[in-house]
Amino acid sequence: MPVSDSVDRDGEGEGAGARDGAGTHGERPDDGLPINELFYSLQGEGTLAGVPSVFVRTSGCNLRCWFCDSYHTSWEPTHAWLGLEEILAEIESHDADHVVLTGGEPLIHEESVALLEALDDRGYHTTVETNGTINRDAPIDLASISPKLESSTPTPERAPDDADEADAERWAERHERDRIDLEALAALVEDYEFQLKFVVTDGDDLPEILDLLAELRGVADAPIRDDDVLLMPEGATRERLAETRTRVAELAMEHGFRYTPRLHVDLWNDAPET
Ligand SMILES: C[S@@+](CC[C@H](N)C(=O)[O-])C[C@H]1O[C@@H](n2cnc3c(N)ncnc32)[C@H](O)[C@@H]1O
Ligand SMILES: Nc1nc2[nH]cc(C(=O)O)c2c(=O)[nH]1
Ligand code: SF4
Ligand SMILES: [Mg+2]
């Protein structure tokens with residue numbers, strides 16, 4: 001369900017956060033979420049790659065990665081407000097046991113908890129794709145945590161083409177300030193089955209990953225095995241992935257981490273709802 005004709009521009013906030021922005025679709029229901037798209041596909045990333053899954057993509061994010069492959073949930077959020085029952089009915093119309101809640105950043109929305117509880121009641125396996133800056137108490141079967149490295153920060157040299165320049169400048173500072181929250185990361189790995197899925201462009205990203213893992217292992221009350229760490233090549237298109245994936249695969253082998261493909265990009269490139 002594409003809702004790309006409703007645009008909510010909000011340079012200051014988190015996009016589709018707490019308020020009802022101009023240009024959004026529909027009334028905002030009490031138990032609702034701003035939904036950018038909801039579709040059936042194969043899980044393309046991580047340990048469950050290849051598993052048929054329904055994807056629920058919420059709008060709004062507290063970060064602004066320059067490479068964000070979901071531009072219309074972060075830099076320029078668009079969405080329809082759907083009530084919990086509408087979301088559940090749409091999910092149940094597909095024949096799948098797995099649901100992936102993603103965004104944007106799904107955990108900025110308190111209402112994501114009620115959705116996860118309803119999915120748990122109905123026996124679904126839930127994966128939450130999160131940037132790891134927020135933890136909430138919810139029935140999550142797999143926390144798919146993707147902490148953002150310095151190389152994700154939207155500097156003037158690498159802001160998205162379509163982004164407003166002043167907007168990008170403001171976000172560079174906020175993104176850099178907020179992208180790592182050790183306390184939230186520790187809580188997520190303690191509370192849930194998890195994978196740590198780093199977006200990697202080249203070898204320059206590895207020292208930061210190693211430092212972050214050392215820090216996290218120091219504070220978290222749960223083991224973090226190298227096997228829980230996945231390197232994922234940066235690339236929203238087949239063309240870009242062709243530039244990054246071999247180097248990232250070699251880095252995974254060098255360090256004993258897992259490599260994850262981006263199966264959906266291989267299969268459908270950057271088409272929406274895939
Ligand atoms: C759009 S994000 C939404 C969830 C959450 N905000 C996050 O970043 O984890 C979904 C996944 O796509 C990854 N991602 C986004 N843009 C990417 C790109 N250009 N190349 C590779 N992975 C990307 C994120 O790191 C995350 O694992
Ligand atoms: N097929 C497919 N798999 C995915 N795994 C994580 C995704 C995401 O955007 O969070 C994603 C996505 O957008 N599509
Ligand atoms: S944290 Fe996730 S949704 Fe937000 S800008 Fe980065 S990749 Fe996009
Ligand atoms: Mg995606």
- [ ] Check LEU231 against each of (1) without any contact (Cβ under 8 Å) to a residue 60 or more places away in the chain; (2) more than 18 Å from the chain's Cα centre (by Cα) and name the one condition it does not meet.
- [x] (2)
- [ ] Output yes when any residue across segment 159-182 is within 17 Å of the chain's Cα centre (by Cα), modelled with pLDDT of 95 or more, in a strand (DSSP E or B) and of a type in the set (Lys, Arg), and no when none is.
- [x] no
TODO: Starting from residues that are buried (at least 19 other Cβ atoms within 10 Å of the Cβ) and of a type in the set (Ser, Thr, Tyr), keep the ones in segment 72-103 and report whichever is nearest to TRP171 (Cα to Cα).
DONE: SER74
- [ ] Show the residue pairs that are 6+ apart or on different chains and have beta-carbon atoms under 6 Å apart, the first residue being within segment 69-82 and acidic (Asp, Glu), the second being within 14 Å of ligand 1 (Cβ to nearest atom) and modelled with pLDDT of 95 or more.
- [x] ASP69/ALA236
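Every residue, every condition in (1) part of a loop (DSSP other than H, G, I, E, B); (2) loosely packed, with under 15 Cβ neighbours inside 10 Å; (3) modelled with pLDDT of 95 or more, yes or no:
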| site | (1), (2), (3) |
| --- | --- |
| MET232 | no, no, yes |
| THR244 | no, no, yes |
| VAL248 | no, no, yes |
| MET253 | no, yes, yes |
| PRO261 | yes, no, yes |
| HIS264 | no, no, yes |
| LEU267 | no, yes, yes |
| THR274 | yes, no, yes |
- [ ] Exactly one condition in (1) within 21 Å of HIS255 (Cα to Cα); (2) assigned to a helix (DSSP H, G or I); (3) not aliphatic (A, V, I, L, M) is not met by PRO223; state its number.
- [x] (2)
Open item on the list: Criterion first (of a type outside the set (Phe, Trp, Tyr) and over 24 Å from VAL100 (Cβ atoms)) does GLY235 satisfy it?
Closed with: no
Open item on the list: For segment 116-158, which positions are in a loop (DSSP other than H, G, I, E, B) and within 15 Å of ligand 2 (Cβ to nearest atom)?
Closed with: ASN131, GLY132, ILE140, ASP141, SER146, PRO147, LYS148
Open item on the list: Taking the conditions exactly as written (of a type in the set (A, V, I, L, M) and farther than 23 Å from VAL51 by Cβ), does ALA249 satisfy them or not?
Closed with: no
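The values are calculated or read from the model by the stated rules, or taken from the named source; none is laboratory data. Keep in mind it's a predicted model, so treat the numbers as computed, not measured. Heads up, the Cβs are rebuilt from the backbone with ideal geometry, glycines too, and the neighbour counts pull from every protein chain shown.
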